[in-house]
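Below is one structure, written out as structure tokens; the observations come after it.
The values are calculated or read from the model by the stated rules, or taken from the named source; none is laboratory data. Computed from a predicted model, the values in this text were never measured in an experiment. Please note: Cβ atoms are built from the backbone with ideal geometry, for glycine as well, and neighbour counts cover all protein chains shown.
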Amino acid sequence: MANFDIEMSGDLFGVLTKFESKVREKVLFSGAAAMAKVIYDEAKINALKHTKSGTLYDAIYRVHSKDKSTEQKVTYEISWNKTRAPHGHLIEFGTVRAPAYPFIRPAFDRISDAIKAGQDRMREALNKRAS
């Protein structure tokens, strides 16, 4: 029979807490990124349906919002660059003379697909970190 004595020094709890925080951050970040990509891709597809020059299509973006994100919540913004495509709101909402061809709002109809993609990505990230 073998006996082992293990002595540990330092702040093991602090190290584990920091590790847990990093894993949570990476898992949440990757899940939110996957969700945002589904909505972003759909907005791009919607913009293509009524494009003339492709300016609006090229102006659509998704970006991680550091200001609105926390350790428990990751926020992405999906919109269009109003400097590059100042007419985007006219296409999204229409005018008195032109019908609306929404591209951002209908993209959010894919929210259930986005949630599924986010869950799948978080599951992959957790499995990767656990291995």
**Q.** Test: VAL23 is of a type outside the set (D, E, K, R), surrounded by 12 or more Cβ atoms within 10 Å (Cβ to Cβ) and either at pLDDT 80 or above or within 30 Å of ASN127 (Cα to Cα) (or both)
**A.** yes
Q: Could you please find all residues in region 68-94 being acidic (Asp, Glu) and more than 22 Å from GLU20 (Cα to Cα)?
A: GLU77, GLU92
Q. Within the set of pairs 6 or more residues apart or between chains, which connect a residue that is more than 15 Å from THR75 (Cβ to Cβ) and in a helix (DSSP H, G or I) inside region 108-123 to a residue that is at pLDDT 95 or above and basic (Lys, Arg) with Cβ atoms less than 9 Å apart?
A. ALA117/LYS37
Q.
Out of GLU42, GLU92, GLU77, I need the residue that is part of a strand (DSSP E or B) and either touching a strand residue (DSSP E or B) at 6+ places or on another chain (Cβ under 9 Å) or touching a residue at least 60 places away in the same chain (Cβ under 8 Å) (or both). Which one?
A. GLU77
Q.
Being closer than 26 Å to LEU90 by Cβ and either small (Gly, Ala, Ser) or in a loop (DSSP other than H, G, I, E, B) (or both) is the filter here; which residues of region 18-39 pass it?
A. ALA36
Q. Which is basic (Lys, Arg) and within 14 Å of PRO106 (Cα to Cα), of LYS22, LYS49, LYS37?
A. LYS49
Q: Taking the residues in region 46-74 that are out of contact with any helix residue (DSSP H, G or I) (no Cβ under 7 Å at 6 or more places or on another chain), free of Cβ contacts under 8 Å to residues at least 24 places away in the same chain and among the β-branched types (Val, Ile, Thr) as candidates, determine which candidate is surrounded by the fewest Cβ atoms within 10 Å (Cβ to Cβ).
A: THR70
Q. When the residues of region 75-84 are filtered to those that are closer than 17 Å to ARG105 by Cα and over 17 Å from the mean Cα position of the chain (by Cα), which remaining residue is surrounded by the most Cβ atoms within 10 Å (Cβ to Cβ)?
A. ASN81
Q. Only one of (1) under 18 Å from the mean Cα position of the chain (by Cα); (2) at pLDDT 80 or above; (3) part of a helix (DSSP H, G or I) is not met by ARG62, so which one is it?
A. (3)
